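Before any comments, here is the structure.
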Amino acid sequence: MTGADLFIVMIAMVGGAIRVSTPFMFVALGECLTEKSGRINLGHEGNLVLGAMVAYAGSYTTGSPWLGVLMAGCAGLVLGAMHGWICKLPRVNDIAVGIAFMSFGTGLAFFFGKPYIQPSAPRLEAIPLGDWTGNSSVAQALQVNPLFFVGIALAVFLWWAFRNMRWGLILRMTGDSAASAKAMGVSVDLVRLLATAAGGFLAGVGGAFLSLFYPGSWNEGLSSGQGLMAVALVIFARWDPVRCVFAALLFGAAGAIGPSLQSIGISQGYYFFNAAPYILTLFIMIASARSKGAAREAPGELSIVK
Amino acid sequence: MTSILSRRSLLKAGAAGLAASALPLGLARAQTPIVLGAVYVGPRDDFGWNQAHAVAMDILKQVPGVTVIEEEKVPETDAVAQSMESMINLDGANLVLATSFGYYNPFVVETAKKYPNVEFRHAAPLWNEATDPKNAGSYFCYLNQAHYVNGVAAGLSTTSNKIGFVAAKPIPSVLSNINSVLLGAKSVNPEATVQVIFTGEWSMPVREAEAANALIDAGCDVITCHVDGPKVVIETAETRGVKSCGHNASQAPLAPKGFITGAEYKWETIYKIYADALAAGQPLPNFIAGGYHNDMLRNSDFGAGASPEGVKAAEAAIEGLKAGKPIYVGPLKDNAGNVVIESSMDNYAPVLDGMNYLLEGVQGSIT
């Protein structure tokens, strides 16, 4: 591999990290918020797919992609709120409900999404950050969607809010010890309902990125399991919003390895390189989840931890 | 599977018994309506394989006396057997078209044994005369001929002489399409090369977009593909301002600026042959292999990306294929330097069905 080839792969990985990471980032942040309150919502794959469909349909019918993003968020919010409300009923398992919502969300999206596979909807515009370099592949890699920055800002805000804001502290307390929250006069169910709904909103926005920016069209195979991977990324990021961003970036960059290696002529073993993101996640997860720190950082009320 | 008596077959037997006792013998229905049932593995508007079949079925809906019933997104499991049975029992289908590769064995074979009076045709060359039921059969088109035409048009529309190919899996039909694009491009432009990226999956939109971007970054200025739904690849090429060639169905509306042409199936030719045979009460052919010579392929209308000389050469190439001009003109080497084709091959030569190499001029590896 020559220096020029290495440069191509590096640029592709940076570009891949920026292009591919955003949906992972939003779903992971949404899931992080939900899990911090002590509940797991495995249904975010459904939110993601439904969000993608609603965003595309919204953008197509109203002509405004940003309105589509908002509608996607609202669709996710409704799904999240339903999950939160059902889980508050006695003896309901949040993981089982999440799996049901995964099928519900994707099914709903496929059902209502039929008429929107063919038409072309207006898409979100990118901010060209690399045009000054004069190098077309660098310029392309640095075509950044505003949602990418929104995601990063949101992660930093959540990270700060979990430590410094009243609602952030209440959220964490609810997630770590429902009994203490009750003693403080906090309605545990309400906090979890709001957290799940807000998390659902974020996952829906992540879906909007898929259908309105990259790859930028609505079809039924669009997500191919990204919502589920993002849920895994939260564990990988150990319930820290800023680490969620890094996990998403890493995952996006690893996903670009396979195609870019083939593009510079290293084409042997592409199945292995295409699996790079999953292999990487697996190893880091094993390495990080075994530590004592990981056990300490998991919200105490999570049904998988209890 | 057939050993298990389903509730439906019991009910049917009972109903038949009742009917037999109630009706005088020999009172057949005046004319059997022609009901075609089509089963698709994905959505019928996927801009790809399923849409190509659905477009043909839409044309057959216009034929008087023909009823078309369709079911989409049927997985390659027992679900397809149930879909086919329900088409036969509830809708009265007398010809079932199973359009996905994995439907054939055991589902089409077993259902065909169970319903000997219904015809089954499957869209891959899998029917075996010796072992499989006579009311089953296969139809198949050599799409690589249309990809060859893509290559000819692309070879005269590229300026970088590099054509990018996003491929799903290295199976013979995909490899044949890649090689045919190369040979088509080289036939008019000896400098042309093809670079291929395999995604490893039939449908993986994000990775397909990444692959298209990587090919464009590597200098390809024409992008084509063989994946289930080419929508994402063609749209990515269009957004990046490079040209594109389509696959399976027409993607021309997706790329108003850069579309050159596309390789398309013309399944309606085959479906009309079946419908006509049913109407005339004649036996259906068990095996149809199609190409340009028997009007079973077409290339999408040329788009804004095609150069005038490319259009001319592509039209000439189509005429050549109709006349039987070979695509694989030997001797040809694979991209590791071994001679793989010694002398010119007929376009339907069976040995080509087992293709397991990429020709010299293709950058990429099948492992």
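Inside region A:142-166, can you point out the residues that are in a loop (DSSP other than H, G, I, E, B) and farther than 30 Å from A:PHE213 by Cβ? Within region A:142-166, just A:MET165 meets the criteria. Of the residues examined, B:TYR292 is not one that is of a type in the set (Ser, Thr, Tyr), at pLDDT 90 or above and in contact with a strand residue (DSSP E or B) (Cβ under 6 Å, 6 or more places away or on another chain).
Determine whether B:ALA314 is of a type in the set (A, V, I, L, M), closer than 26 Å to B:GLN51 by Cα, over 24 Å from the mean Cα position of the chain (by Cα) and surrounded by 13 or more Cβ atoms within 10 Å (Cβ to Cβ). In short, no.
From the list A:ILE279, A:ILE266, which one is assigned to a loop (DSSP other than H, G, I, E, B), within 17 Å of A:MET13 (Cβ to Cβ) and of a type in the set (Val, Ile, Thr)?
Working: A:ILE279 fails: assigned to a loop (DSSP other than H, G, I, E, B).
Exactly one residue qualifies, and that residue is A:ILE266.
Here the strands (runs of 3 or more DSSP E) wholly within region B:133-207 that include at least 1 residues being farther than 30 Å from B:ARG121 by Cα are B:162-167, B:193-198.
Residues are listed down the side, and each one gets a yes or a no for (1) assigned to a loop (DSSP other than H, G, I, E, B); (2) of a type outside the set (A, V, I, L, M, F, W, C):
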site: B:GLY262; (1), (2): no, yes
site: B:ILE273; (1), (2): no, no
site: B:ASP276; (1), (2): no, yes
site: B:ALA279; (1), (2): no, no
site: B:ALA306; (1), (2): yes, no
site: B:VAL311; (1), (2): no, no
site: B:ILE318; (1), (2): no, no
site: B:LYS325; (1), (2): yes, yes
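Quick one: in region B:177-213, of everything that is out of contact with any strand residue (DSSP E or B) (no Cβ under 6 Å at 6 or more places or on another chain) and among the charged types (D, E, K, R), which residue is surrounded by the fewest Cβ atoms within 10 Å (Cβ to Cβ)? The selected residue is B:GLU191.
Being at pLDDT 90 or above and more than 20 Å from B:PRO205 (Cα to Cα) narrows it down to one residue among B:ILE234, B:ILE270; which is it? Steps first, please.
Working: B:ILE234 fails: more than 20 Å from B:PRO205 (Cα to Cα).
Among B:ILE234, B:ILE270, only B:ILE270 is at pLDDT 90 or above and more than 20 Å from B:PRO205 (Cα to Cα).
Would you check which residues across region B:217-232 are in contact with a strand residue (DSSP E or B) (Cβ under 7 Å, 6 or more places away or on another chain) and either surrounded by fewer than 24 Cβ atoms within 10 Å (Cβ to Cβ) or at the interface with another protein chain (Cβ under 7 Å from one of its Cβ atoms) (or both) and list them?
Of the residues in region B:217-232, the ones in contact with a strand residue (DSSP E or B) (Cβ under 7 Å, 6 or more places away or on another chain) are B:218-227, B:230.
Correct list: B:ALA218, B:GLY219, B:ASP221.
Annotation: of all residues in region A:135-149 being crowded, with 20+ Cβ neighbours inside 10 Å and not hydroxyl-bearing (Ser, Thr, Tyr), the one that is farthest from A:VAL9 (Cα to Cα) is A:LEU147. Check region B:338-350 and report whether any residue there is assigned to a helix (DSSP H, G or I) and without any contact (Cβ under 8 Å) to a residue 12 or more places away in the chain. Looking through region B:338-350, at least one residue is assigned to a helix (DSSP H, G or I) and without any contact (Cβ under 8 Å) to a residue 12 or more places away in the chain.
Is it true that some residue in region A:240-249 is of a type in the set (Phe, Trp, Tyr) and closer than 20 Å to A:CYS32 by Cβ? Before the answer, list the steps.
Restricting attention to region A:240-249, the residues satisfying the condition of being of a type in the set (Phe, Trp, Tyr) are A:246.
Of the ones still in play, those that are also closer than 20 Å to A:CYS32 by Cβ are A:246.
Yes, that holds for at least one residue.
Taking region B:237-267 as the range and being farther than 19 Å from B:SER203 by Cα, hydrophobic (A, V, I, L, M, F, W, C) and within 14 Å of chain A (Cβ to nearest Cβ) as the test, the residues that pass are B:VAL242, B:ALA252, B:ALA255, B:PHE259. Residues being in contact (Cβ under 8 Å) with a residue 24 or more places away in the chain, surrounded by 17 or more Cβ atoms within 10 Å (Cβ to Cβ) and in contact with a Phe, Trp or Tyr (Cβ under 6 Å, 6 or more places away or on another chain) are represented in region A:150-160 by at least one member.
Which one of A:ARG19, A:ARG39 is charged (D, E, K, R) and within 30 Å of A:ALA139 (Cα to Cα)?
On the way: A:ARG39 fails: within 30 Å of A:ALA139 (Cα to Cα).
None of the others qualify; the one that does is A:ARG19.
Filter region B:14-48 for residues that are of a type in the set (Phe, Trp, Tyr) and at pLDDT 90 or above and give the result. Answer for region B:14-48, where residues must be of a type in the set (Phe, Trp, Tyr) and at pLDDT 90 or above: just B:TYR40.
Of all residues in region A:167-222 being in a helix (DSSP H, G or I) and within 14 Å of another protein chain (Cβ to nearest Cβ), which is farthest from A:ALA121 (Cα to Cα)? It would help to see each step written out before you state the result.
Step one: of region A:167-222, the residues in a helix (DSSP H, G or I) are A:167-176, A:178-183, A:188-212.
Now restrict to residues that are within 14 Å of another protein chain (Cβ to nearest Cβ): A:206-207, A:209-212.
Numbers: A:GLY206: 17, A:GLY207: 15, A:PHE209: 13, A:LEU210: 13, A:SER211: 9, A:LEU212: 8 Å.
Residue satisfying both the conditions and the ranking: A:GLY206.
B:ASN299 meets the stated requirement of being away from every other protein chain (no Cβ under 14 Å), in contact (Cβ under 8 Å) with a residue 40 or more places away in the chain and over 30 Å from A:SER136 (Cα atoms). Being farther than 30 Å from A:ARG166 by Cβ, part of a helix (DSSP H, G or I) and either more than 14 Å from every other protein chain (Cβ to nearest Cβ) or out of contact with any helix residue (DSSP H, G or I) (no Cβ under 6 Å at 6 or more places or on another chain) (or both) is the requirement here; does A:LEU77 meet it? When the stated conditions are applied, A:LEU77 does not pass them.
Residue-wise test of (1) in contact with a Lys or Arg (Cβ under 6 Å, 6 or more places away or on another chain); (2) within 14 Å of chain B (Cβ to nearest Cβ); (3) in contact (Cβ under 8 Å) with a residue 40 or more places away in the chain.
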| position | (1), (2), (3) |
| --- | --- |
| A:THR2 | no, yes, no |
| A:MET13 | no, yes, yes |
| A:LEU29 | no, no, yes |
| A:THR34 | no, no, yes |
| A:ILE40 | no, no, yes |
| A:LEU48 | no, yes, yes |
| A:ALA52 | no, yes, yes |
| A:THR61 | no, no, no |
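Here's a check for you: in region B:344-367, which residue that is surrounded by fewer than 14 Cβ atoms within 10 Å (Cβ to Cβ) and aliphatic (A, V, I, L, M) is farthest from B:SER187 (Cα to Cα)? Ranking the qualifying residues of region B:344-367, first place goes to B:VAL351. Do we have A:SER64 as out of contact with any Leu (no Cβ under 7 Å at 6 or more places or on another chain) and small (Gly, Ala, Ser) here? Spelling it out, A:SER64 is indeed out of contact with any Leu (no Cβ under 7 Å at 6 or more places or on another chain) and small (Gly, Ala, Ser). Quickly run through region A:111-134 and pick out the residues that are farther than 15 Å from A:LEU212 by Cβ, aromatic (Phe, Trp, Tyr) and surrounded by 12 or more Cβ atoms within 10 Å (Cβ to Cβ). Of everything in region A:111-134, just one residue is farther than 15 Å from A:LEU212 by Cβ, aromatic (Phe, Trp, Tyr) and surrounded by 12 or more Cβ atoms within 10 Å (Cβ to Cβ), namely A:PHE112.
Cβ separations smaller than 7 Å between residues 6+ apart or across chains give the following pairs from region A:123-134 residues that are hydroxyl-bearing (Ser, Thr, Tyr) to residues that are surrounded by 13 or more Cβ atoms within 10 Å (Cβ to Cβ): A:THR133/A:ALA139. When residues in region A:15-27 are screened for being at pLDDT below 90 and away from every other protein chain (no Cβ under 14 Å), 0 of them pass. Of the numbered criteria (1) away from chain B (no Cβ under 14 Å); (2) part of a helix (DSSP H, G or I); (3) within 18 Å of the chain's Cα centre (by Cα), the one A:ARG238 fails is (2).
The values are calculated or read from the model by the stated rules, or taken from the named source; none is laboratory data. Remember, it's a predicted structure, so these values are computed and weren't measured experimentally. When we count neighbours, we look across all protein chains shown, and the Cβ atoms used for this are built from the backbone with ideal geometry, even at glycine.
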